[in-house]
Amino acid sequence: MILILPDGKQINKEVNREMKFRSLFIIMLLLSMIFVSACSNSKGTQNEGANKKETIEFWTMQLKPTFTDYIQNMINDFESKNPNIKVNWVDVPASDLQQKMLSAVSSKTAPDLVNLPVGFATKLVSMDALVHINEALTKEQQDQYFAGGLKAYTTYDSKVTYGIPWYLSIEETLYNAEIFKKAGLDPNNPPKTFEEAAEVAKVIKEKTGKYGFYPSLDLSLPLRYMVMFGAPLLNEDGTKAAFNTPEGLHMFQYFTDLYKNDLIPHSIITDDERKGIDEYAAGNIAIFSTGPQYLTQIKENAPDVYKDTLTSEGITGKSGLHNMSVQGLVIPKQSKHQKAAIKLALFITNPKNEVEFSKLTTIYPSNKKAIEDPYFTQLPKNPEPTDRARITGAKELENSEVLVDFKGNTAVANELQQALFDALQKSMLGKLSPKEAVQEAESNWNKILENNK
Amino acid sequence: MKHHPLTPLLFLLPGCIILGTFIFYPTINAIWLSFTNYNIVDKPKYVGLENYNQLFHDSMFWYSLYHTIIYLICVVPALVILPIFLAILVNRKIKGIAFFRSVYYIPVVTSIVVVGITWDWLYKDNGLLNYILQLLNLINQPIHWLTSTSTSLIAVMLVTIWKGLGYYMVIYLAGLQSIPDELYEAAEIDGANSWKKTTRIIFPLLMPSILIVSIMSSIAAMKVFEEIYVITGGGPLHSSETLVFYIFKEAFDKLNMGYASAAGVILFLITLALSVANLKILGKENNI
């Protein structure tokens, strides 16, 4: 507001001051922007490494609160044996981990050791942002792990191993014996194949109104099912989609029929595995395929359902293959404490610590020596569901492999997953026939693979 | 009193730094990035208008833009008009009215994650909403709100409207309280009923607030993201994916930062045009 004053000089003074004010304001704004960009370009202060005590940052994927004590004790043990290394432990929720990792790496604030599943590491591998374990570890050190575990963390051309396998989980079937009994089915004779599961689901729906089956469709699961049904994902050299076969069509048809006949919940199309676990724990589903480590969660949250739970080998298709998931440890190249990180990684994956971890939940060690422990070969006196799950799974280890292999196309893994899932959705929602959907998936895959060359 | 010429500037400095850091610098940086092929991995390389060209031919971009426009058309009128009635309702001096004002405002301050989980349960096939609709014999079969491509966007829009009502109600309430009571009394003397009072007194005098609400809700509708991320994840089959969600996926799933920045610039231009249009249309009548 400009005050109108009788004195002409005053007006000019006011106007001048206002214009000066405005231009100074603009200058301040510009200065603050330059100030900000200058700050962002300078490297943050880093640990020189020449100090006597090193602090390394260790990220785990959603291990709190269930395993807080185990990890903390292990870290305390490590620190007492390595007095010059201090470990800063950060636990990250699974759903945030991939993005947190990517932003940490891109902002040059990556941690030193990360518990990262293969699926989340794909982008980092294509950026060559991880330490080459095959170079950092001696042959002896590498040989102590199962070949399958190391292979999961090795690039397709076998040139680089970028992670140390930590624990393995096998896909198993959890099923609610109570619902089986109500539907007049024999709980000791669970379905072993997809076909059997569909028939069981039908009976359960008719007799109890509950959903028999929850085959989660998120992440790489549709690709896994495809392989289980006997259709390979890619051709030999990974350049073209190879699932447009009778088996591939059968897989699409199978899920479409299940959905159309309301034998699986509609929400399966938008929900993820976590929601499936919730539904199972709520007693709404009879069969749930998952890693047996989730049994601990069900034990905590739904003890009633837990006591009715039996386990069986994972449901599979024509191929008879079972999937193995590998969780491992990776070291970003940015880390200024690689040696210390490797020390910690080797410590975490030694036989003693791995067996102890396996005693807390149904996972399997990646260390060959650890599997020799009687814990994995003998059933205890009064076996609980988790005990049975463990022995069953240990036997399955030989027949399990990581089923989804992107063959060098890890950079576009997410796009491929999305393309297959989109096509499957279209088939299930009736927007395309299963045949058209498989063809669309194939042509989209080929387009993506072509662009990735 | 002597004023040091720099005093007002010093007061403004903290605000300027924050604005500069979090708004102006990222904006200009994003505009620059939109002309590059930045993917976090490598250094950004200038590629001219290639991103914009690609966007033009990207059916997913147009699809999400289409959803955003539907959002605008449906949500904005609802959030401009409905809160007026809510505000009129709570603009009384009866005891306990403060309770109702708070209750209507609670959705605004409730975490979107909590809202998302709750509405997810409400929308289930065997959820409360379907139950009530079937009870009232309005439908025979449960509606697959979140798992059908035709209803997923509607489902999310309802949540946005529900969550925003209280926010705009408060703005209108402030506007209502500046309308002198004498006007109502004069109208009553002239024989006006409630409806006439609403349309002839409240609406015209509330115009400045309506303008603000219109602009704010338009911008909010263009930027909608959280509801979609939490409730449907853009699905099924991208049927509830809006522009910001599309940008998010391109940027953080596929790491196509340059491409996503280009889409962001387009979003910025559309929002700017919308705000200017709002000002011109609604502002004209009131010489604002």
Exercise. In whole Hz, what ³J(HN,Hα) sequence does the stretch A:161-178 give by Karplus (6.51, -1.76, 1.60; θ = phi - 60°), x for Gly and Pro?
Worked result: 9, 10, x, 9, x, 10, 9, 10, 10, 9, 6, 10, 9, 9, 9, 8, 4, 4
Exercise. Rounded to the nearest 0.05, what FRET efficiency is calculated for B:MET60 and A:SER443 with R0 set to 22 Å and r the Cβ-Cβ distance?
Worked result: 0.85
Problem set entry | Simple label model, 7 Å out from Cα along Cβ direction - B:ILE81 to A:LEU24, nm | 5.1 nm
Problem set entry | Hull shadow area, averaged, the stretch A:275-410 [alpha-carbon convex hull, nm²] | 11.1 nm²
Exercise. Which of the trypsin sites (Lys or Arg not before Pro) across the stretch B:25-127 are loop residues per DSSP, with 11 or fewer other Cβ within 10 Å?
Worked result: B:LYS45, B:ARG92, B:LYS93, B:LYS95
Exercise. Mind checking the angle between helix A:434-451 and chain A's longest principal axis? C-alpha axes, 0 to 90 degrees, to the nearest 10.
Worked result: 40 degrees
Exercise. Karplus couplings for the stretch A:200-212 from phi (6.51 cos²θ - 1.76 cosθ + 1.60, θ = phi - 60°), rounded to Hz, Gly and Pro as x?
Worked result: 4, 4, 4, 4, 5, 5, 5, 7, 10, x, 8, 7, x
For this session: With label points built 7 Å along Cα→Cβ from the Cα atoms of A:HIS132 and A:LYS81, find their separation and express it in nm.
Result: 2.8 nm
Seminar exercise, completed: Restricting to Cα pairs under 8 Å and 6 or more apart, the percent relative contact order of the stretch A:343-382 works out to 33 percent
Exercise. So what's the angle, to the nearest 10 degrees on a 0 to 90 scale, between helix A:8-41 and the longest Cα principal axis of chain A?
Worked result: 40 degrees
Seminar exercise, completed: For the protein assembly as shown, inverting the pair-averaged 1/r of distinct alpha-carbon atoms gives a Kirkwood value in Å of 29.9 Å
For this session: Kindly provide the helix-only [θ] at 222 nm of chain A, computed as the sum of -39,500 (n - 2.57) over DSSP H runs of four or more divided by all residues, to the nearest 500 deg cm²/dmol?
Result: -15000 deg cm²/dmol
Exercise. Assigning unit charges at the beta carbon (Lys, Arg +1; Asp, Glu -1) and nothing else, what dipole magnitude in debye, to the nearest 20, does the protein assembly as shown show about its Cα centre?
Worked result: 2140 debye
Problem set entry | Interchain or long-range residues, amide H under 5 Å from A:LEU130's placed H | A:LYS333
Problem set entry | Förster radius 35 Å - calculated FRET efficiency between B:TRP162 and B:LEU13, Cβ distance, rounded to 0.05 | 0.30
Seminar exercise, completed: In terms of the alpha carbon gyration tensor, root eigenvalues a ≥ b ≥ c, rounded if a/c is under 1.5 and otherwise prolate when a/b exceeds b/c or oblate, the stretch B:58-284 is oblate
For this session: Output the relative contact order of the stretch B:58-284, whole-number percent, from Cα pairs under 8 angstrom with separation of 6+ residues.
Result: 30 percent
Seminar exercise, completed: So, with points 7 Å from each Cα along the Cβ direction, the A:ARG274-A:LYS318 label distance in nm works out to 3.6 nm
Problem set entry | Estimated vicinal HN-Hα couplings, Hz - the stretch B:255-263 in sequence order (Karplus 6.51, -1.76, 1.60; Gly, Pro = x) | 6, 8, 5, x, 4, 5, 5, 4, 4
Exercise. Using alpha carbons only, how many degrees (0 to 90, rounded to 10) separate the axis of helix A:246-260 from the longest principal axis of chain A?
Worked result: 80 degrees
Exercise. Which whole number gives the average, over all residues in B:6-19, of C-beta atoms from other chains lying within 10 Å of the residue C-beta?
Worked result: 3
Exercise. When the helices in chain B are scored as -39500 (n - 2.57) per DSSP H run of 4 or longer and the sum is shared across all residues, what 222 nm value do you end up with, to the nearest 500 deg cm²/dmol?
Worked result: -21000 deg cm²/dmol
Exercise. Counting other Cβ atoms within 10 Å, which GluC sites (Glu not before Pro) in the stretch A:48-143 have at most 16 and lie in a DSSP loop?
Worked result: A:GLU48
Problem set entry | Binned Cα-Cα distances of the stretch A:372-453, short to long, each 10 Å bin given as a whole percent | 16, 27, 17, 20, 17, 3
Problem set entry | the stretch A:87-120 versus the stretch A:254-285: alpha-carbon centroid distance in Å | 30 Å
Exercise. Taking springs between alpha-carbon atoms closer than 10 angstrom, which of B:THR147, B:THR68, B:THR160 fluctuates most in the Gaussian network model of chain B?
Worked result: B:THR147
Exercise. Counting partner chain Cβ atoms within 10 Å of every residue's Cβ in A:266-272, what's the average?
Worked result: 6
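Read the figures in this text as sums done on the coordinates, not as results from a lab. Just so it is clear, the model here is predicted, and its values are computed rather than measured. Note: ideal-geometry Cβ built from the backbone for every residue, glycine included; neighbour counts use all protein chains shown.
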